[in-house]
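What follows is a short report on a single structure.
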Number of protein chains: 2
Amino acid sequence: MSGATSTANERVVERIRTADPVLVGVERAIDTLPGMTTETVLTSGPPLEFDEYDSGQAGAIVGGALYEGLADSRAEAIEKLKAGDIAVRTCHEHGCVGSIAGITTASMPVFVVEDAASGEVGRCHFYEGGSRHRLNYGSYNEAVHEQLTFIDEVMAPVIGATLDHVGGIELRPIVQEALTMGDDMHSRNHAATPLLAQELIPAMLNLERSGTLTPTQVDQTLEHLRNCHYVFLRPAMAASKATADSAHGIDGSSIVSAMTFNCQEFAIRVSGLGDRWFRAPMAPIEGKYFDGFSEDDLEYMGGDSVINATMGLGGLAQAAAFSLIEYQGGSPDQIVERNEAMYRITHGEHPYYEIPYFQFRGVPVGIDVRRVVDEGVTPVMNMGIPGSQGGQIGAGCLEAPMACFEAAVDALDG
Amino acid sequence: MSGATSTANERVVERIRTADPVLVGVERAIDTLPGMTTETVLTSGPPLEFDEYDSGQAGAIVGGALYEGLADSRAEAIEKLKAGDIAVRTCHEHGCVGSIAGITTASMPVFVVEDAASGEVGRCHFYEGGSRHRLNYGSYNEAVHEQLTFIDEVMAPVIGATLDHVGGIELRPIVQEALTMGDDMHSRNHAATPLLAQELIPAMLNLERSGTLTPTQVDQTLEHLRNCHYVFLRPAMAASKATADSAHGIDGSSIVSAMTFNCQEFAIRVSGLGDRWFRAPMAPIEGKYFDGFSEDDLEYMGGDSVINATMGLGGLAQAAAFSLIEYQGGSPDQIVERNEAMYRITHGEHPYYEIPYFQFRGVPVGIDVRRVVDEGVTPVMNMGIPGSQGGQIGAGCLEAPMACFEAAVDALDG
């Protein structure tokens, strides 16, 4: 590795290590996403033409158009999407990230997270709720619509007003503590979600007392926060997006600044290689399936949530979360082995995010494409598994395909 | 082991496995503790004469007498205690358990936990607060008095009213979930305390809305719950006491039904051996000390909290809580090794309380004095360390002394 690359990588990792993400508010996508339009449906992964999206991810995009009122029927939505009257773009192109299919439309509320160190902003839509069927898992029907409406009419305004009242909530201490409580901040947010709730509740109560919020709004919000462990994943993703963007664009760096996938391909971006996506077919996922489902039912629908792994959480912090084995299979030994391997492909360690089982060693940060290729080890990611009939059907541990990293190394050398 | 012992032990372990502890209320000690009087100070450990208590535990007893208004000065309190005008009795003799010195006086509020399976009731006083100086660590001054008054005037009535409103809170699901979130339910209750708060908050808000509680009461209670991770230890101890008492008194059983210690000795009770305490000098503690303190400053002041270890939590569940190493020292390997050894001295495994790192194996329950002696392994317990000048000065892992178990085996054989 040249001295210039080493210095560049050091700068990138320093940005990750010093990032100070603050959840500053909730806004409608149209009001906060750069370049967003009312006729755009955002989805996860590297960009594709609409025709290239198939099955679940295509269904989710159509569902998003219907939810937004851009068409009255699936047929009309598809026609408009094909004609380009409704644009399909990626979340990453508009300063946000999305879970699984990642559907984000103009009116949808998003968490807004600002990295106080760099000023970069990341956004992410809300977790829909506990049902297996969600828009982001390719489902769109009456029940899914109702869940989205609840988020829009209750969760978003209540949390938005509360954040306005407190002036933002620092996420770093929450992530730091949650890692000592069995969370990986991807497939387990069991601790981080109540820790976030603890920060919100006193202000929420004051807003009820002053008449700004109703008792029903408060009760429903608390119930959702209590029932949906996954709530915190979304601010965590927005934080990772802000951090990743602050670490992007450092000339000469071989550090990965984004990982994502759509229904066709996995892709990475590299800090020193501009906005180009290095793509490759999906590598296998090792998962555990809900009763009645098997790997034959698996259908990729995309996923930007692996931005958390890109920033050292999720799969790169899985030894903080042995309880994961109940949800996504595997064994503690496998978790330890996989997590330890991540230190061989990363440039540094996080000063705040630590893994108790590793004697409070910092999580590995700064995935270096050269080390990945040299070591023959690719990043691992925890994720929910979508099914071919829509809906979540399990959870598992995904490996990034080596070809992305090889292509990036070629580009660096080329 | 005889067939009769085996059957008896099976019955004991079945009581532990089926226990269903419910936090049913908060009451003043005088109103709920069997045999309690207004002139009694309860303390932890097996019984001693007042003259036999020294240093911190004696100071705590005197502090309890002063707090209760049984004397106007330390000198007067000591005189009355020596004369027997103020009685010193143990918590275990009055259906409760206490942390460290375990001071419980007539007016103090206690958590009341009923085992719905057996009907047994256990009680435990409240956690005083975050200061290093607490009555139960041998300190009694203006600040300690204020903390106790806050518990008496705010925490107890608010939580009591809330429990009355909801009709009790099941503790088993909280303990079960907290074990998947890095708690051992002794030195770590970081998850269990917010999980309990989640159960309390909706009802608390309703009581505020109906005018039963004031906003200030609610705010102060939430703040205490948020700042004091140790809150849940106390209902957990009351649950263990109820469970342990349900498992006590089974003829022929060689299973331990209580462990405790005072400033002089460690002691155990055995289910089939009546109310006799088998005592021995304290074994060493391996600890980590707060800045400015060392093991030279350690001073035992008693502790009933090891009732949790007796029921399979704390030291017997420490592999659920690798974060403990930050607080009490040691290493993950040591934690795993110690916890695995506990399976060799116990009769069964808990069906609900599971350790993720052990592939969700149930915590070991039913410490068998014969196995302890045969294996040469004694139970391990996590605990806070008191200092000779009063106050907490660290935390560590304590081993029970073998002599207690040898004496119990002799009694079984005798």
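Numbers below:
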quantity: The lone exception for B:ASP368 - which of (1) free of Cβ contacts under 8 Å to residues at least 40 places away in the same chain; (2) over 18 Å from B:GLY384 (Cβ atoms) it fails; calculated: (1)
quantity: Some residue of the range B:185-193 being charged (D, E, K, R) and within 14 Å of chain A (Cβ to nearest Cβ); calculated: yes
quantity: Subset tally (residues that are touching a helix residue (DSSP H, G or I) at 6+ places or on another chain (Cβ under 8 Å) and closer than 25 Å to A:GLN389 by Cβ) for the range A:81-101; calculated: 8
quantity: Number of positions in the range A:1-29 that are part of a helix (DSSP H, G or I), closer than 24 Å to A:VAL372 by Cβ, among the hydrophobic types (A, V, I, L, M, F, W, C) and in contact with a Lys or Arg (Cβ under 9 Å, 6 or more places away or on another chain); calculated: 0
quantity: Residue that is surrounded by the most Cβ atoms within 10 Å (Cβ to Cβ) [pool: residues in the range A:158-182 that are touching a strand residue (DSSP E or B) at 6+ places or on another chain (Cβ under 7 Å) and within 14 Å of chain B (Cβ to nearest Cβ)]; calculated: A:LEU179
quantity: Any chance A:ALA407 is in contact (Cβ under 8 Å) with a residue 60 or more places away in the chain and either outside any strand (DSSP E or B) or of a type in the set (Ser, Thr, Tyr) (or both); calculated: yes
quantity: Which numbered condition B:THR346 fails, given (1) in contact (Cβ under 8 Å) with a residue 24 or more places away in the chain; (2) within 14 Å of chain A (Cβ to nearest Cβ); (3) β-branched (Val, Ile, Thr); calculated: (2)
quantity: Pick from the range B:74-133, criterion in a loop (DSSP other than H, G, I, E, B) and touching a Leu at 6+ places or on another chain (Cβ under 6 Å), ranking: farthest from B:ASP164 (Cα to Cα); calculated: B:ILE86
quantity: Helices (runs of 4 or more DSSP H) within the range A:140-197 that include 1 or more residues small (Gly, Ala, Ser) and either at positive phi or over 20 Å from the mean Cα position of the chain (by Cα) (or both); calculated: A:142-150, A:156-166
quantity: Test: A:ALA321 is of a type in the set (A, V, I, L, M, F, W, C), crowded, with 24+ Cβ neighbours inside 10 Å and away from every other protein chain (no Cβ under 14 Å); calculated: no
quantity: In the range A:290-338, residue farthest from A:ASP20 (Cα to Cα) [restricted to those that are of a type in the set (S, T, N, Q) and under 18 Å from the mean Cα position of the chain (by Cα)]; calculated: A:GLN328
quantity: Criterion: surrounded by 21 or more Cβ atoms within 10 Å (Cβ to Cβ), in contact with a helix residue (DSSP H, G or I) (Cβ under 9 Å, 6 or more places away or on another chain) and within 14 Å of chain B (Cβ to nearest Cβ) - qualifying residue of A:TYR352, A:TYR357; calculated: A:TYR357
quantity: Single residue of the range A:211-222 satisfying the filter (over 28 Å from the mean Cα position of the chain (by Cα) and of a type in the set (S, T, N, Q)) that is surrounded by the fewest Cβ atoms within 10 Å (Cβ to Cβ); calculated: A:THR216
quantity: Members of the range B:198-215 found to be at the interface with another protein chain (Cβ under 8 Å from one of its Cβ atoms) and under 17 Å from A:LEU200 (Cα atoms), listed by number; calculated: B:GLN198, B:ILE201, B:PRO202, B:LEU205, B:PRO215
quantity: Residue check, B:ILE385 in contact with a Pro (Cβ under 9 Å, 6 or more places away or on another chain) and either closer than 30 Å to B:VAL62 by Cβ or in a strand (DSSP E or B) (or both); calculated: no
quantity: Selection within the range A:34-59 - in a helix (DSSP H, G or I), at pLDDT 95 or above and touching a strand residue (DSSP E or B) at 6+ places or on another chain (Cβ under 7 Å); calculated: A:PHE50, A:GLN57
quantity: Condition met for A:VAL218 (within 13 Å of another protein chain (Cβ to nearest Cβ) and either touching a residue at least 24 places away in the same chain (Cβ under 8 Å) or of a type in the set (Gly, Ala, Ser) (or both)); calculated: yes
quantity: Subset of the range B:360-382 that is in a strand (DSSP E or B) and within 14 Å of another protein chain (Cβ to nearest Cβ) - its residue that is nearest to the chain's Cα centre (by Cα); calculated: B:GLY362
quantity: Condition met for B:LEU148 (buried (at least 19 other Cβ atoms within 10 Å of the Cβ), in contact with a strand residue (DSSP E or B) (Cβ under 9 Å, 6 or more places away or on another chain), modelled with pLDDT of 95 or more and away from every other protein chain (no Cβ under 14 Å)); calculated: no
quantity: Residue check, B:PHE293 part of a loop (DSSP other than H, G, I, E, B) and on the phi < 0 side of the Ramachandran plot; calculated: yes
quantity: Candidate set: the range A:330-343, residues that are of a type outside the set (Ser, Thr, Tyr) and closer than 18 Å to A:ASN308 by Cα; chosen: the one nearest to the other protein chains (Cβ to nearest Cβ); calculated: A:ILE335
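Residue by residue, here is whether (1) within 23 Å of the chain's Cα centre (by Cα); (2) over 30 Å from A:SER257 (Cβ atoms); (3) at pLDDT below 95 holds:
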{"site": "A:GLU199", "(1), (2), (3)": "yes, no, no"}
{"site": "A:PRO202", "(1), (2), (3)": "no, yes, no"}
{"site": "A:LEU205", "(1), (2), (3)": "no, yes, no"}
{"site": "A:ARG209", "(1), (2), (3)": "no, yes, no"}
{"site": "A:ARG226", "(1), (2), (3)": "yes, yes, no"}
{"site": "A:TYR230", "(1), (2), (3)": "yes, no, no"}
{"site": "A:PRO235", "(1), (2), (3)": "yes, no, no"}
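Results for (1) in contact with a Lys or Arg (Cβ under 8 Å, 6 or more places away or on another chain); (2) part of a strand (DSSP E or B); (3) outside the structural domain of B:GLU170 (by TED's automatic domain parsing); (4) under 28 Å from B:TYR357 (Cα atoms), shown as yes or no for each residue.
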residue	(1), (2), (3), (4)
B:TYR230	no, no, no, yes
B:ILE268	no, yes, yes, no
B:ARG276	yes, no, yes, no
B:ALA280	no, yes, yes, no
B:ASN308	no, no, yes, yes
B:GLN318	yes, no, yes, yes
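The values are calculated or read from the model by the stated rules, or taken from the named source; none is laboratory data. Being a predicted model, the structure only gives us computed values, none of them experimental. Backbone-built Cβ (ideal geometry, glycine too); neighbour counts: all protein chains shown.
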